[in-house]
Structure formats: structure tokens, C-alpha cells
Amino acid sequence: MKPNPITPQPGQESVWDYPRPAILEDTNKHLKIIFNGIVLAQTHQAKRVLETSHPPGYYIPAEDIKLEYLIATPKKTWCEWKGWCQYYDISVGDKYVHNAAWQYIQPSPNFSSIQEYYSFYASLMDGCYVNDELVKAQTGDFYGGWITTDIVGPFKGEPGTWGW
């Protein structure tokens, strides 16, 4: 099935205008992540990964995360654009989620600036916010994009998108 891109309205971006291979850019948008009643992360110094057909993936610097709640797991994956990453469980009080965050521990040269940054699956958090807007998680458990009203698709990860 071929995608039928949605035409962006003023103030919106289409994921079909994002490049392939993926690129990294700074953003000063206010990001906030809430898990089990605490603000797990909050920043104005994030980076976002943009790739054709994907909502942005946001990466938060380590100094803006309560790292004491992250537990390294044995899971590692490789991305053809970004390199090797390590996954983390998150434990806050009586709530525990597996492989909910990740960090590129051996990033490729074009992504070396995210080595000390972490990303989170919005679907596993109580809330992830971009400029106070609650994000919608990218469909599926492989991609970690955050969907806001200023981003239009269709998005990779939804049913029927495997071959995009």
C-alpha cells in the first residue's frame, strides 16, 4: 500500500517532508515526562530525530532526567542511522516498566551529539508533553515517535505501513 500524505496546514509539519536518512536537530520546545506521579524528565534543551514517515523522536539530556529511576537492561539494538543503543527499565515506587527508555551508547558520527541523551516510549509513560500538549505515541512497540497536533502523517507503525 502506498501512503497518501496529509497536506499540512499553516503551522504544521508533514513527516513526508522529513529526510531519509534521518537527521538530528536541536529544539527548545518544553518537554516533560510524567511517570507514577513524578516529573521524570523536563527540558528546553532536547534534540529531535526527523525521518521520512516518522513522527519526531525526542532526546533529553541526562542532566534533565531523574536517572536514579532508570535501570540498564541487557537489551541493545542497532539503528542504521543512529548506531547502537542501550535500553532501560523505569521503576518509581510501585510502578515498573520494561525497556521504556533508551540511549545511544555508540552513536554513528552524524548522531554523536545524542550520546548523553535519552528517549522514552510515550506509550509507557503516564504523560509526555511537548509545550504542554499531551503527545500521542507512535503506533507499535518498535518506534518511539511523539505525535502532536503540529505533525501530520500518515505515520509508519500504523497497520499496513511495514513496507514504507
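Read the figures in this text as sums done on the coordinates, not as results from a lab. Remember, predicted model here, so these are calculated numbers, not experimental data. All Cβ positions, even for glycine, are placed from backbone atoms using ideal geometry, and neighbour counts span all protein chains on display.
In whole Hz, what ³J(HN,Hα) sequence does region 116-126 give by Karplus (6.51, -1.76, 1.60; θ = phi - 60°), x for Gly and Pro?
Residue by residue, region 116-126 yields 9, 10, 10, 10, 9, 6, 4, 5, 9, 9, 6 Hz.
Over the chain, what is the percentage of antiparallel beta bridges among all DSSP beta bridges, to the nearest 5? All intermediate terms of the calculation are to be shown ahead of the outcome.
Values: 43 of 46 bridges.
Rounded to the nearest five, the antiparallel share is 95 percent.
Under 12 Å from the Cα of residue 75, which aspartates and glutamates turn up, not counting those fewer than eight places away in the same chain?
In chain and number order, the partners are 89.
What residue among 97, 15, 49 shows peak mean-square fluctuation when the chain is described by a Gaussian network model with Cα springs under 10 Å?
Checking each option, the largest mean-square fluctuation is seen for 97.
Would you mind checking which residues have amide H under 5 Å from residue 118's amide H? H placed 1.01 Å from N; only 5 or more apart, or other chain.
60, 62
If contacts are Cα pairs under 8 angstrom and at least 6 residues apart, what is the relative contact order of region 1-47 in percent? Present the calculation step by step, with values, prior to reporting the outcome.
Working: 40 pairs, mean separation 13.0, N = 47.
The normalised contact order for region 1-47 reaches 28 percent.
How far is it, in nm, from the label point at residue 63 to the one at residue 77 when both lie 7 Å from their Cα along the line to the Cβ?
Spacing of the two 7 Å Cα→Cβ label points: 3.0 nm.
Can you compute 3J(HN,Hα) from phi for each residue in region 130-144, using the Karplus curve 6.51 cos²θ - 1.76 cosθ + 1.60 with θ = phi - 60°, rounded to whole Hz and x for Gly and Pro?
Rounded to whole hertz, the list is 10, 6, 6, 9, 5, 7, 9, 6, 4, 4, x, 10, 9, 8, x.
In whole Å, what is the distance between the alpha-carbon centres of region 113-144 and region 29-53?
6
Under the rule a/c < 1.5 gives rounded, and otherwise a/b versus b/c splits prolate from oblate, where does the chain land using the Cα gyration tensor? Show your work: numbers first, answer last.
Details: a/c = 1.56, a/b = 1.38, b/c = 1.14.
Taking the square roots of the gyration eigenvalues as a ≥ b ≥ c, the chain is prolate.
Pop the C-beta distance of residue 164 and residue 112 into the FRET formula with R0 = 25 Å and round what comes out to the nearest 0.05. The partial results should precede the final answer.
Numbers: r = 28 Å, r/R0 = 1.10.
After rounding, the FRET efficiency stands at 0.35.
With an 8 Å Cα cut-off and a minimum separation of 6 or more residues, compute the relative contact order for the chain in percent.
Details: 382 pairs, mean separation 41.8, N = 164.
Across the chain, relative contact order equals 26 percent.
Could you give me the ³J(HN,Hα) list for region 64-71, computed from phi with Karplus coefficients 6.51, -1.76, 1.60 and θ = phi - 60°, whole Hz, x at Gly and Pro?
Karplus-based 3J(HN,Hα) across region 64-71 equals 9, 10, 7, 5, 5, 8, 9, 10 Hz.
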